[in-house]
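The values are calculated or read from the model by the stated rules, or taken from the named source; none is laboratory data. Only a predicted model underlies this, so the values are computations on that prediction, with no experimental measurement involved. Methodologically, a virtual Cβ is constructed for each residue, glycine included, from the backbone with ideal geometry; neighbour enumeration extends over all protein chains shown. Ligands, DNA and RNA are excluded from the accessible area calculation, which covers all protein heavy atoms including side chains. Shrake-Rupley method; radii C 1.70, N 1.55, O 1.52, S 1.80 Å.
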Amino acid sequence: MVAVDKKPMNTGSFQLSSLCVFCGAHSGNDPVYSAAARELGAEMAQRSIRLVYGGGSIGIMDLVASSVLAGGGYVTGVIPEFLDEREVGKRDIQDFVVTSSMHTRKAHIVNNSDAFAIMPGGLGTLEEAFEIITWRQLGLHNKPIIIVNVAGYWDPLLKLIDQTVEHGFLGEETSQLFAVANDVSGVFRRLEQQMSPVTDGDGNLF
């Protein structure tokens, strides 16, 4: 993990020094998404939390990274070689990592992040969201996950998850795997609430 000189956010027994932000390579058609991305980046810089993200310089992902940098924060970008040109790898950051594949990219991101925030995005963001939640369910990590439901963007996703529970494909405890923040101001409050280990009724970690 890249060393960060700034003091990390301390939430009791948990120190949040890095936050992975999954988000879109497009900005969407509502300026509220771009505004939220800039706000999140500024807040991370103010709290001295290192950004770990997909490494591109387009869309919401660039807005978050640029906002962290503008606030004097630290950014780690991780991009697979085949996407470096397509998503215009952002080389004006402190730590730019090019991996050989999507799999190694994901492993690097997970290993270097203390928690995960899921901002609005497309298929890639959806895939990352489901994977990181599933990995927590399977016990591959036990790090906080926050779905940032800007302007209700993720309402259909949350409804779909509720439906899988309703139809018996997921248990009621699924809601413990992640938290939802309706705006950026709620992200860090939800992160603090997610610090406790997620267990089933018998005390076993998911």
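Considering only segment 81-133, state which residues are under 23 Å from residue 178 (Cβ atoms), in contact with a Lys or Arg (Cβ under 7 Å, 6 or more places away or on another chain) and free of Cβ contacts under 8 Å to residues at least 24 places away in the same chain.
none
Applying the selection to segment 169-190, what residues are over 19 Å from residue 117 (Cβ atoms) and not in a helix (DSSP H, G or I)?
Correct list: 169, 170, 171.
Need pairs with beta-carbon distance below 9 Å; first residue on the phi > 0 side of the Ramachandran plot and within segment 139-152, second of a type in the set (Gly, Ala, Ser); sequence gap 6+ or separate chains.
Pairs found: 151/36.
Which of the residues belonging to segment 155-183 are out of contact with any strand residue (DSSP E or B) (no Cβ under 9 Å at 6 or more places or on another chain) and of a type in the set (Val, Ile, Thr)?
161, 164, 165, 174
Can you tell me which residues in segment 179-195 are touching a residue at least 60 places away in the same chain (Cβ under 8 Å), open to solvent by 20 Å² or more (accessible area, probe 1.4 Å) and closer than 17 Å to residue 23 by Cβ?
183, the sole residue that qualifies.
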